[in-house]
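So the structure is just underneath, and the comments pick up after that.
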Amino acid sequence: MTADEARRAVEAVWRIEAGKLVAGLARWTGDVGLAEELAQDALVAALEQWPETGVPRTPGAWLTTVAKRRAIDGWRRRERLDERYAALARDLEQQDDDDPAAAVDEEIQDDLLRLVFVSCHPVLAPGARVALTLKLLGGLTTDEIARAFLVPVPTIAQRIVRAKRTLTAAHVPFEVPDRADYPERLSSVLEVVYLIFNEGYSATAGDDWMRPDLCQEALRLGRVLAELTPREPEVHGLVALMEFQASRLPARATADGEPILLSDQDRTRWDRILIGRGVAALEHADRLLGARGRGPYTLQAAIAACHATAPSPGDTDWEEIVALYGALAALRPSAVVELNRAVAVSMASGPEAGLAVVERLVDDGALESYHLLPSVRADLLFKVGRHAEAEIEFERAASMTANARERTLLLARAAEAAAAAGSSGSAP
């Protein structure tokens, strides 16, 4: 095996095994920071040895065994072995080296779930949760995370280091939270996964409209989480939502990367397999709910299902979407939800009705720094023939977004409004 082949093999194995490896080591050592350092040591060892020896039959077990041996060597060198570490060392040395997988497979699922809750602990800031989750569970390098979020590498590195220090200083245990704390902690986990997905689906900054790799990573994490918590309807609701949204990725941009609005997308390019998976996940979530009402992610998944299962824009059940947004607003009151409801109202009852909802949001002022408010307002103003006002709002929205592709789209809409205003003689 050449060095290049070995590197590709190590990278592939790392993406698959990183979360399990760190999770198992964290349970074994009781220290997430140390666990990640040991995992990195094992990764370096693989890069050094696999070109000569080839990829082992059970690469995850090989990495775990190497990491544990490095830990034991370090403890011995420091000459501070207590009884616990001595016992761990003896246990490892007595294992059959021909079958290291026997020591790895135990409690993998529980270890992963513990690591999910630790990485997304509320004691950490949202940005730190995202970075740590991608590093520990996703196996992404610091450089990859920095590129994905257009943040300098040192900034991401500092976030990760500080996050691990914060967890240590707060004495966060490596365990699944108590039942009383479970809903809040699970909510934090789902929030992190969806933040990752949304940054991939509509990048907040940079030259790319989307970052599909982040969507795929979030979807992978969501599916793993659904396996780890099979009785949690909101987890399956989030997976359904991401499946539906991800199904549209191939149709959301031109070959040159220019955005394509939902109403203009070629629905034959939507991924029918992902839509089918989304439908199945939403149905499973609803079965788990029984007579209970839907939560925020299952409601959003139901909204996405209305779009995903409609053969054409004209076949979309906009009245159902309005009702679902109403339920979501009652459950989680939010100006952003109300803005989305305004769009649905405009499609169900006409642009004037939607514009009335938007004007109330403008008066409220809660979204004054949110670029999609003037963007939606501009679109509705254009539809009711107030083109000069629409031009101003499109330009304002363009000045507020940090995404270059979105800015280009909004400026093009502003030019379209200006041309319509000139031909009709409309005035602000």
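Read-outs: derived from the displayed coordinates by stated rules, not from any lab. Since the structure is predicted, the reported quantities are computational estimates derived from the model, not experimental observations. As a convention, Cβ positions derive from the backbone with ideal geometry for all residues, glycine included, and neighbour counts pool all protein chains shown.
Structure notes:
- Crossing angle, helix 212-228 versus the chain [Cα axis fit, 0-90 degrees, rounded to tens]: 60 degrees
- Cα centroid separation - the range 181-226 against the range 286-311, whole Å: 18 Å
- Couplings 3J(HN,Hα) of the range 24-36, computed from phi: x, 5, 5, 5, 5, 9, x, 9, 5, x, 5, 4, 5 Hz, in residue order, whole Hz [Karplus 6.51 cos²θ - 1.76 cosθ + 1.60, θ = phi - 60°; x for Gly and Pro].
- For the chain, alpha-carbon Rg over 2.2 N^0.38 Å: 1.14
- By average C-beta atoms within 10 angstrom, highest first, the peptides 53-60, 230-237, 247-254: 230-237, 247-254, 53-60
- Looking at the range 354-428, the pairs of alpha carbons with a distance over 15 Å make up 49% of the total.
- Cα-based helix-to-principal-axis angle, 372-383 vs the chain, degrees rounded to 10: 30 degrees
- Judged by the mean number of other Cβ atoms found within 10 Å, the most tightly packed of the peptides 412-420, 132-140, 364-372, 119-127 leads the ranking 132-140, 119-127, 412-420, 364-372.
- For the chain, the number of Lys pairs separated by eight or more positions or lying on different chains, with C-alpha atoms closer than 25 Å, is 6.
- Degrees separating the helix 83-94 axis from the principal Cα axis of the chain, which is the longest one: 80 degrees
- Under a 5 Å amide H cut-off, with hydrogens placed 1.01 Å from N, residue 253 pairs with 260 among residues at least 5 apart or on other chains.
- Positive dipole terminus of the range 230-316, leading residue within 230, 296, 250 (C-beta point charges): 230
- Simple rule: put +1 on each Lys or Arg Cβ and -1 on each Asp or Glu Cβ in the chain, find the dipole, and look at 325, 60, 126; the Cα lying farthest toward the positive end is 126.
- Cα centroid of the range 117-154 to Cα centroid of the range 238-266, whole Å: 25 Å
- Ranked by the mean number of other Cβ atoms within 10 Å of their residues, highest first, the peptides 290-296, 393-399 fall in the order 393-399, 290-296.
- 3J(HN,Hα) along the range 174-188, derived from phi through the Karplus expression 6.51 cos²θ - 1.76 cosθ + 1.60 where θ = phi - 60°, amounts to 8, 7, 6, x, 4, 4, 5, 8, 4, x, 5, 5, 5, 4, 5 Hz, with x in place of Gly and Pro.
- Lys, Arg +1 and Asp, Glu -1 on Cβ, resulting dipole of the chain about Cα centre, debye, nearest 20: 460 debye
- Whole-Hz ³J(HN,Hα) from phi, Karplus 6.51 cos²θ - 1.76 cosθ + 1.60, for the range 321-328, glycine and proline x: 5, 4, 5, 5, 5, x, 5, 5
- Cα shape, the range 147-215, gyration tensor, a/c 1.5 rule: oblate
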